[in-house]
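Novice: Below: one structure in structure tokens.
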């Protein structure tokens, strides 16, 4: 399940990166092409599904509290993306079809882009943690043994280490010279 969490994390980051591309596609295309809809659909359908899967797989993989909360944070930031538009519309009384939009509304709704950068950063942290969880083997501690055996094992380990570290005495001792 840890590798599944890693794969879902990769898909989430890829979808966030594509979201930036889709935003550019919508901004730099002709309005009649309606290419901004791709950005909207990815943000409203694909990203929420991937972020929910990320939360679920992180929990099942026992990724740890911090990692699970990071996945929840990413989902919360995604919800904030939509709330930025709703709150701006309510405060300034503007919508997508408004002819005149106040500068303050433009500045407020522009937080949408900065929040997207925050989502990219958080998903980057998640993918890093997911990689470590999926592919790094934890250091295993020696199983505790009874007190008598532990001393014997420690002595045997020390002796083996000494034997391995020190070369054979017969091979390294200087040749004895005959006495005159």
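A short reminder: the numbers here are calculations on the coordinates, not readings from a lab. This one's a predicted model, so the numbers in the text were calculated from it and none came from an experiment. We place every Cβ from the backbone using ideal geometry, glycine too, and count neighbours over all the protein chains shown.
Novice: If the chain between residue 121 and residue 10 were fully stretched, how many nm would it gain, using 0.36 nm times the residue separation less the Cα-Cα distance?
Specialist: Numbers: separation 111, 0.36 × 111 = 39.96 nm, distance 1.31 nm.
Gain in length upon complete extension: 38.6 nm.
Novice: Explain nothing, just the number: relative contact order of the stretch 2-135, from Cα pairs under 8 Å at least 6 residues apart, as a whole percent. Please list the in-between numbers first.
Specialist: On the way: 120 pairs, mean separation 48.3, N = 134.
Over the stretch 2-135, the number comes to 36 percent.
Novice: Tell me, what is the FRET efficiency for residue 99 and residue 20 to the nearest 0.05, using R0 = 30 angstrom and their Cβ-Cβ distance as r? Walk me through the intermediate numbers first.
Specialist: Working: r = 28 Å, r/R0 = 0.95.
That pair, residue 99 with residue 20, gives E of 0.60.
Novice: Would you mind pulling out the separation of the Cα centroids of the stretch 1-30 and the stretch 94-133, in Å?
Specialist: Taking the Cα centre of each part, the stretch 1-30 and the stretch 94-133 sit 14 Å apart.
Novice: What is the stretch 2-135 by shape, rounded, prolate or oblate, if you read a ≥ b ≥ c off the alpha carbon gyration tensor as root eigenvalues and call it rounded for a/c under 1.5, prolate for a/b larger than b/c, and oblate otherwise?
Specialist: Values: a/c = 2.92, a/b = 1.97, b/c = 1.48.
Judged from the Cα gyration tensor, the stretch 2-135 comes out prolate (a/c at least 1.5, a/b above b/c).
Novice: Working out 0.36 nm times the residue gap between residue 29 and residue 41, then minus their Cα-Cα distance, what length gain in nm do you get to one decimal? Walk me through the numbers before you get to the answer.
Specialist: Working: separation 12, 0.36 × 12 = 4.32 nm, distance 1.67 nm.
Extra length from residue 29 to residue 41 when fully extended: 2.6 nm.
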